[in-house]
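One structure below.
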Amino acid sequence: MAESQPARIVTGRDVTTDVDVRADVCVVGSGPGGAVMAARLADRGARVVVLEEGGFHPPGSVPLSEAVAYPRLYQEHGQRATSDLALTILQGRAVGGSSTVNWTTSFRTPDRVLTHWRERYGLVGFTTEALLPHFMAVEERLEVHEQPEDGVNANNRVLYDGAERLGWDRARTRRNVQGCQSLGYCGMSCPIGARRSADQTYVPDALARGAQLYANARVVKLVREGHRFTEVVAEALDPATDQPTGRMIRVRPKVLVLSGGAINTPALLLRSGIDLAGKVGTRTFLHPVAAMIGRHRQRIEGYYGAPQSVSSHHFAERGPGKVGFFMEAAPVHPVLAATALGGFGARHEELMSALPYVSALIALAVDGFLPSEDGGTVSLRSDGRVRIDYPIPPEVWEALREGAKALARVHLAAGAEVVHSLHEEPIEIRNEMDVAKLDRARWEPGRLALFTAHQMGGCAMGADPERSVTTPELRLQAHENAFVVDGSVLPTSLGVNPQLTIFALAHWAAEHVAAAVR
Amino acid sequence: MPHMPRRPPPLSLDMPGAGESRRTFLVRGLAGGALLVLGSAGWLLTRKTRLPPEAFGSLRVFSPEEAAVLAAIAERLVPERPGFPRPGVLRLASRMDEVAAMAHPATQVELRRLVRLFESALGGLLLDGQARVFTTSTPAQQDRRLGSWAQSRLPLRRTGYRALKRLVYASYYAAPETWAAIGYAGPPLEIPAAGGGGR
C-alpha cells in the first residue's frame, strides 16, 4: 500500500478497511519534530509513514471562531490543563502540530542554554556552531524574518514602548510567515495560509518525496520484541466526531520516531509499558505564564494584528538561585480573555466590556535550570487519561510574581490607566505605589489564571543513561530502533518560544536517524 | 543531581499545599474526603433542585437537574447588565452540555459530580453554613456560595470553581450574540462552519 498510493494525506474518513503497512520509518506525530524528520528521511529515499492523531485542516477550512477552533485544533478539545486546573495547557493537535496554532514567534536556542546543557547534561555536541547550519536551513524553509515595524499591533506596541521607557531590552521578534495580513487569528490556524507551519512546509515536502501521512490516526500501542519495536498500532478516528471508527492502522517499521510532543510522547511510552525506571514523563517544564492586563484610553483591539511581534528578555537571567522570565504579548479574543479574567458577576462583566481597550502581556518563567527544580510529571490515570502535574516551586512563584510586577510597570509606562492581575480577586494597579500590592497578593494554585503554551521535557536527552530517557543522538534508551524527536527531549526549558529549536533539532537529528535505517 | 524516582501523583483534584501545619492539613483532608463522598451521593443531592420553566432540549451529558444548576450558576456569573444577553436566551446550559460532551467520559463523570456537589444543601451546610440547594437560594446567597468556592482554603474547591467558571464563560463568550456587549466586532474574515474538508 505504501508503494502504490499517490502522495496525499489520508484522513480517518478514507480508511475504510484495516491497514497494515511496512515502512523504513514510522513517525508518530506531524508537528515540527515529526514533519522535518519525515521530509528529511523521505528525501534520503526512506519509506516513511507518518501517523497523526489530529485532523488535516487546510488554510481557510477552520472558522475564525473560538467555539470551533479550540475544540478542533487543540489537545483535549481545548480543555487540557494540569490536574489541579491551575495551569491551562495550550497545545496543538492537528497535521502540523502546535505549529498550526502557535503565535509564530521564532527564536534560536540561546547560547547560555546550550552551555548549560553541555555542562550539566553532557550534551557536548550541542554548540552554537554545530546547530547553526540546521537553524539556517529551517529558517530558510520557514521563511523566518523579523516582523516589520508597521506590523506591530497596538498590544505589542505597549510592550515595545513601555519597556523602552523603562530602559529595558526589547526587540521585534522573528516570525515564520510570508504574506501575513496581520489578521490576528494565528491561534485559530492561519485562514490565508500565510503561516509557514509544518503542515505548509515540511509535510508537503515529505509527501512529495513519497511519504505517507495518516491523519486522524491515534497511536494506541507500541509493540516490542525484546529491545526492538516491531509494530505501531493506531486506531482511525472519524474526522467529524473524533471517535474511533473501528478501523486499525498497523505500521511495521525498521525504525520508530516518536514526535508526539512533550506530553503525548511520554504518555504513549507509559501506555506501552515503557517507563525506563520511572524516568519517562518526569522533568516536564512548561514556561509557566502569568499575565497582566492594562486598560487604556484609546482602543488597543488586541485581538487584531499579529499576536506576537515583540519580546523582552531583560529579565531572562536573574542571577544564581533565581528563575528568570521573559515578556511577550498575548491576543485577547473573547473566550481566551473571559476564562482568564478574575472575579465573576458584575466585576467580570466590567472587565469584559472594556475588551477593546485592553492590552495583555505575559511573563514566561524560565523553568528547569535550578538544581532543586524537578518540574512536572506526565502520568496515566487508571481510566487511560493523561494526567499532568506541575507543583509550582517557590522559585517559580517568585519569578511569576516579579514577572507580573515588571508587566505592570510596562503597562503603566505605556500609558495604561489601570492594570489588573488575573487573580480571582483581581489586584488593581494604578501607579508605581500600587505595584507592591502584588507582593501581598496570594500566589497559590487556583487563585489566579496561569497558562503554558510551551511544553518541554519528559524524555530528556543526556549523556548519562541514569539521568536521561534518550541519548545525545536522541535514541530512546534501552531500545535498538527508536528515537524521540520533539520537545520532550529538551532537558530544561529554553527561555524562548520553542518551535524553532524543535524544527532545527529534528533537522540535525535526521542524520542520526538516517544512519539507523539500513 | 540524580534522577529522583517518580513521586506518586497526589490524589485526583487534591493537592497538598506547601508549608501548612499538620492540623490544617488534616482538617482539609477530612473536608476533602467529605466532598468526594457527597459528590458520589448521586440524585439525592439534586432532589430539591429547582428546574427552570423552559426545557433544555436533548442533553448528552447532564441530567435536567444538573443543567438547571449550571444555568443558575451562569445567571450569577453573568448577571443582568444592559447589552449582555441572558444565558437562558442563549440556551447556555445546552451549549455547556455540548462542551462537556467533548470531554473524556471519566471527565464527564467528575463534572457531573462537581455540579451535584455545588448544588447540594448538605455540602452548603458543611462548607458555607447554608443549608439550601443552590438553585433555590437567593441571588445574594448564590453569590456568597460562588465566592466561598472561589476563595476557598481548600484547593479542591478552588479547582471545582475554576472548572465551573471556565465552562460558563467559555460557552457564553463563544456565542457571537455576546460580542456586541464587549465591543468585539468579530473576525475580519467569514469562513462557514462547514468550510473546507478539514477536521
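The values are calculated or read from the model by the stated rules, or taken from the named source; none is laboratory data. Note that this is a predicted model, so its numbers are computed, not measured. Ideal geometry is used to build each Cβ from the backbone, glycine not excepted, and the neighbour counts take in all protein chains shown. Accessible surface areas use protein heavy atoms only, side chains included; no ligands, DNA or RNA. Shrake-Rupley method; radii C 1.70, N 1.55, O 1.52, S 1.80 Å.
Just name the residue that is farthest from A:Glu146 (Cα to Cα) out of those in region A:214-228 that are buried (at least 23 other Cβ atoms within 10 Å of the Cβ) and within 21 Å of the chain's Cα centre (by Cα).
The residue in question is A:Val219.
Residues A:Arg387, A:Arg347, A:Arg381: which one is free of Cβ contacts under 8 Å to residues at least 24 places away in the same chain and either open to solvent by 10 Å² or more (accessible area, probe 1.4 Å) or closer than 27 Å to A:Met327 by Cα (or both)? Step through it out loud before you land on a result.
Values: A:Arg387 fails: free of Cβ contacts under 8 Å to residues at least 24 places away in the same chain; A:Arg347 fails: free of Cβ contacts under 8 Å to residues at least 24 places away in the same chain.
So the residue among A:Arg387, A:Arg347, A:Arg381 that is free of Cβ contacts under 8 Å to residues at least 24 places away in the same chain and either open to solvent by 10 Å² or more (accessible area, probe 1.4 Å) or closer than 27 Å to A:Met327 by Cα (or both) is A:Arg381.
What are the residue pairs meeting all of these: first residue in region B:154-165, first residue modelled with pLDDT of 90 or more, second residue of a type in the set (Ser, Thr, Tyr) and open to solvent by less than 10 Å² (accessible area, probe 1.4 Å), Cβ atoms under 9 Å, and 6 or more apart or on different chains?
Listed by first residue and then by second, the contacts come to B:Arg158/B:Ser152; B:Gly160/B:Ser152; B:Tyr161/B:Ser152.
Looking only at strands (runs of 3 or more DSSP E) that fall completely inside region A:289-402, which ones have 3 or more residues that are among the hydrophobic types (A, V, I, L, M, F, W, C) and modelled with pLDDT of 95 or more?
Values: elements: A:289-295, A:325-329, A:358-365, A:376-380, A:386-389.
Answer list for region A:289-402: A:289-295, A:325-329, A:358-365.
From the set of residues in region B:172-188 that are open to solvent by less than 10 Å² (accessible area, probe 1.4 Å) and in contact (Cβ under 8 Å) with a residue 12 or more places away in the chain, which is farthest from A:Gly343 (Cα to Cα)? Outline the logic, then answer.
So in region B:172-188, the residues open to solvent by less than 10 Å² (accessible area, probe 1.4 Å) come out as B:172-173, B:175, B:178, B:182, B:186.
Narrowing further to those that are in contact (Cβ under 8 Å) with a residue 12 or more places away in the chain: B:172, B:175, B:178.
Values: B:Tyr172: 15, B:Ala175: 20, B:Thr178: 18 Å.
Among those that are open to solvent by less than 10 Å² (accessible area, probe 1.4 Å) and in contact (Cβ under 8 Å) with a residue 12 or more places away in the chain, it is B:Ala175.
The rows are residues; the columns are (1) within 24 Å of A:Tyr70 (Cα to Cα); (2) buried (at least 17 other Cβ atoms within 10 Å of the Cβ); (3) of a type in the set (Ser, Thr, Tyr); (4) in contact (Cβ under 8 Å) with a residue 40 or more places away in the chain.
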residue	(1), (2), (3), (4)
A:Asn102	yes, yes, no, yes
A:Val113	no, yes, no, yes
A:Leu123	no, yes, no, yes
A:Pro133	no, no, no, no
A:Glu139	no, yes, no, yes
A:Asp150	no, no, no, no
A:Ala154	no, yes, no, yes
A:Cys180	yes, yes, no, yes
A:Ser189	yes, yes, yes, yes
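Within region A:411-425, track down each residue that is within 9 Å of A:Ile293 (Cβ to Cβ) and in a loop (DSSP other than H, G, I, E, B).
Result: A:Ala416, A:Leu422.
Of the residues that make up region A:21-39, is at least one out of contact with any Pro (no Cβ under 9 Å at 6 or more places or on another chain) and open to solvent by 20 Å² or more (accessible area, probe 1.4 Å)?
Checked against the condition, which is being out of contact with any Pro (no Cβ under 9 Å at 6 or more places or on another chain) and open to solvent by 20 Å² or more (accessible area, probe 1.4 Å), region A:21-39 yields no hits at all.
Working carefully through the options A:Ala81, A:Ala86, A:Ala94, find the one that is at pLDDT 95 or above, touching a Pro at 6+ places or on another chain (Cβ under 6 Å) and within 11 Å of chain B (Cβ to nearest Cβ).
On the way: A:Ala81 fails: touching a Pro at 6+ places or on another chain (Cβ under 6 Å); A:Ala94 fails: touching a Pro at 6+ places or on another chain (Cβ under 6 Å).
Result: A:Ala86 is the single residue among A:Ala81, A:Ala86, A:Ala94 that is at pLDDT 95 or above, touching a Pro at 6+ places or on another chain (Cβ under 6 Å) and within 11 Å of chain B (Cβ to nearest Cβ).
If only one of A:Ala211, A:Ala236, A:Ala240, A:Ala267 is hydrophobic (A, V, I, L, M, F, W, C) and open to solvent by 30 Å² or more (accessible area, probe 1.4 Å), which one is it?
Residue meeting the stated conditions: A:Ala240.
Conditions first: (1) in a helix (DSSP H, G or I); (2) touching a residue at least 24 places away in the same chain (Cβ under 8 Å). B:Gly83 passes all but one, so which condition is the exception?
(1)
Taking A:Ala408 as the residue in question, decide whether it is surrounded by fewer than 21 Cβ atoms within 10 Å (Cβ to Cβ) and among the aliphatic types (A, V, I, L, M).
Values: surrounded by fewer than 21 Cβ atoms within 10 Å (Cβ to Cβ): no; among the aliphatic types (A, V, I, L, M): yes.
Against the criterion (surrounded by fewer than 21 Cβ atoms within 10 Å (Cβ to Cβ) and among the aliphatic types (A, V, I, L, M)), A:Ala408 does not qualify.
For region B:63-75, which positions are within 12 Å of chain A (Cβ to nearest Cβ) and either acidic (Asp, Glu) or surrounded by fewer than 22 Cβ atoms within 10 Å (Cβ to Cβ) (or both)? It would help to see each step written out before you state the result.
Step one: list which residues in region B:63-75 are within 12 Å of chain A (Cβ to nearest Cβ), which gives B:73-75.
Residue satisfying the conditions is B:Glu75 alone.
Out of region A:224-245, which residues are assigned to a strand (DSSP E or B) and touching a residue at least 40 places away in the same chain (Cβ under 8 Å)? Please lay out each step first, then the result.
Let us first name the residues in region A:224-245 that are assigned to a strand (DSSP E or B), namely A:224-225, A:228-237, A:244-245.
Once the filter is applied, which keeps residues that are assigned to a strand (DSSP E or B) and touching a residue at least 40 places away in the same chain (Cβ under 8 Å), region A:224-245 yields A:Arg224, A:Arg228, A:Phe229, A:Val232, A:Ala234, A:Ala236, A:Leu237, A:Thr245.
Right, B:Trp179: modelled with pLDDT under 95 and aromatic (Phe, Trp, Tyr) or not? Please lay out each step first, then the result.
Working: modelled with pLDDT under 95: no; aromatic (Phe, Trp, Tyr): yes.
For B:Trp179, the condition - modelled with pLDDT under 95 and aromatic (Phe, Trp, Tyr) - is not met.
Please tell me if A:Gly302 is surrounded by 24 or more Cβ atoms within 10 Å (Cβ to Cβ), more than 9 Å from chain B (Cβ to nearest Cβ), touching a residue at least 60 places away in the same chain (Cβ under 8 Å) and more than 21 Å from the chain's Cα centre (by Cα).
Values: surrounded by 24 or more Cβ atoms within 10 Å (Cβ to Cβ): yes; more than 9 Å from chain B (Cβ to nearest Cβ): yes; touching a residue at least 60 places away in the same chain (Cβ under 8 Å): yes; more than 21 Å from the chain's Cα centre (by Cα): yes.
So A:Gly302 fits the description; yes.
For region A:245-260, indicate whether the set of residues that are crowded, with 24+ Cβ neighbours inside 10 Å, within 14 Å of another protein chain (Cβ to nearest Cβ) and at pLDDT 95 or above is non-empty.
No, that holds for no residue.
Yes/no per residue for (1) more than 9 Å from chain B (Cβ to nearest Cβ); (2) in contact with an Asp or Glu (Cβ under 8 Å, 6 or more places away or on another chain); (3) over 23 Å from A:Ser65 (Cα atoms); (4) among the charged types (D, E, K, R):
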site	(1), (2), (3), (4)
A:Thr339	no, no, no, no
A:Glu349	no, no, no, yes
A:Asp374	no, no, yes, yes
A:Ile392	yes, no, yes, no
A:Glu395	yes, yes, yes, yes
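Check whether at least one residue in region A:318-338 is open to solvent by 10 Å² or more (accessible area, probe 1.4 Å), farther than 30 Å from B:Ala140 by Cβ and of a type in the set (D, E, K, R), and report yes or no.
Yes, because at least one residue in region A:318-338 is open to solvent by 10 Å² or more (accessible area, probe 1.4 Å), farther than 30 Å from B:Ala140 by Cβ and of a type in the set (D, E, K, R).
Show me the strands (runs of 3 or more DSSP E) entirely contained within region A:432-490 in which 3 or more residues are within 14 Å of chain B (Cβ to nearest Cβ) and open to solvent by 30 Å² or more (accessible area, probe 1.4 Å).
Of the strands (runs of 3 or more DSSP E) lying wholly inside region A:432-490, none has at least 3 residues that are within 14 Å of chain B (Cβ to nearest Cβ) and open to solvent by 30 Å² or more (accessible area, probe 1.4 Å).
Return the total of residues in region B:149-163 being at the interface with chain A (Cβ under 7 Å from one of its Cβ atoms) and either crowded, with 23+ Cβ neighbours inside 10 Å or not hydrophobic (A, V, I, L, M, F, W, C) (or both). First the steps, then the outcome.
Let us first name the residues in region B:149-163 that are at the interface with chain A (Cβ under 7 Å from one of its Cβ atoms), namely B:150-151, B:155, B:158-159, B:162-163.
Checking the rest, the ones that are also either crowded, with 23+ Cβ neighbours inside 10 Å or not hydrophobic (A, V, I, L, M, F, W, C) (or both) come to B:151, B:155, B:158-159, B:162.
Counting residues in region B:149-163 that are at the interface with chain A (Cβ under 7 Å from one of its Cβ atoms) and either crowded, with 23+ Cβ neighbours inside 10 Å or not hydrophobic (A, V, I, L, M, F, W, C) (or both) gives 5.
Name every residue in region A:415-431 that is touching a strand residue (DSSP E or B) at 6+ places or on another chain (Cβ under 7 Å), open to solvent by 20 Å² or more (accessible area, probe 1.4 Å) and in contact (Cβ under 8 Å) with a residue 24 or more places away in the chain, in order of residue number. Steps first, please.
Looking only at region A:415-431, we keep the residues that are touching a strand residue (DSSP E or B) at 6+ places or on another chain (Cβ under 7 Å), and these are A:416-424, A:426-430.
Next, only the ones that are open to solvent by 20 Å² or more (accessible area, probe 1.4 Å) stay: A:417, A:427-428, A:430.
Of everything in region A:415-431, just one residue is touching a strand residue (DSSP E or B) at 6+ places or on another chain (Cβ under 7 Å), open to solvent by 20 Å² or more (accessible area, probe 1.4 Å) and in contact (Cβ under 8 Å) with a residue 24 or more places away in the chain, namely A:Glu417.
Is it the case that region B:91-111 has a residue that's open to solvent by 30 Å² or more (accessible area, probe 1.4 Å), on the phi < 0 side of the Ramachandran plot, away from every other protein chain (no Cβ under 12 Å) and assigned to a loop (DSSP other than H, G, I, E, B)?
To start, the set of residues in region B:91-111 that are open to solvent by 30 Å² or more (accessible area, probe 1.4 Å) comprises B:91, B:95, B:98-99, B:102, B:104-105, B:107-110.
Keeping just the survivors that are on the phi < 0 side of the Ramachandran plot gives B:95, B:98-99, B:102, B:104-105, B:107-110.
Among the residues that remain, those that are also away from every other protein chain (no Cβ under 12 Å) are: none.
No; the residues of region B:91-111 include none that is open to solvent by 30 Å² or more (accessible area, probe 1.4 Å), on the phi < 0 side of the Ramachandran plot, away from every other protein chain (no Cβ under 12 Å) and assigned to a loop (DSSP other than H, G, I, E, B).
Would you check which residues across region A:193-223 are basic (Lys, Arg) and free of Cβ contacts under 8 Å to residues at least 60 places away in the same chain and list them? Before the answer, list the steps.
Residues of region A:193-223 basic (Lys, Arg): A:195-196, A:209, A:218, A:221.
If the condition is that a residue be basic (Lys, Arg) and free of Cβ contacts under 8 Å to residues at least 60 places away in the same chain, then A:Arg196, A:Lys221 are the ones that fit.
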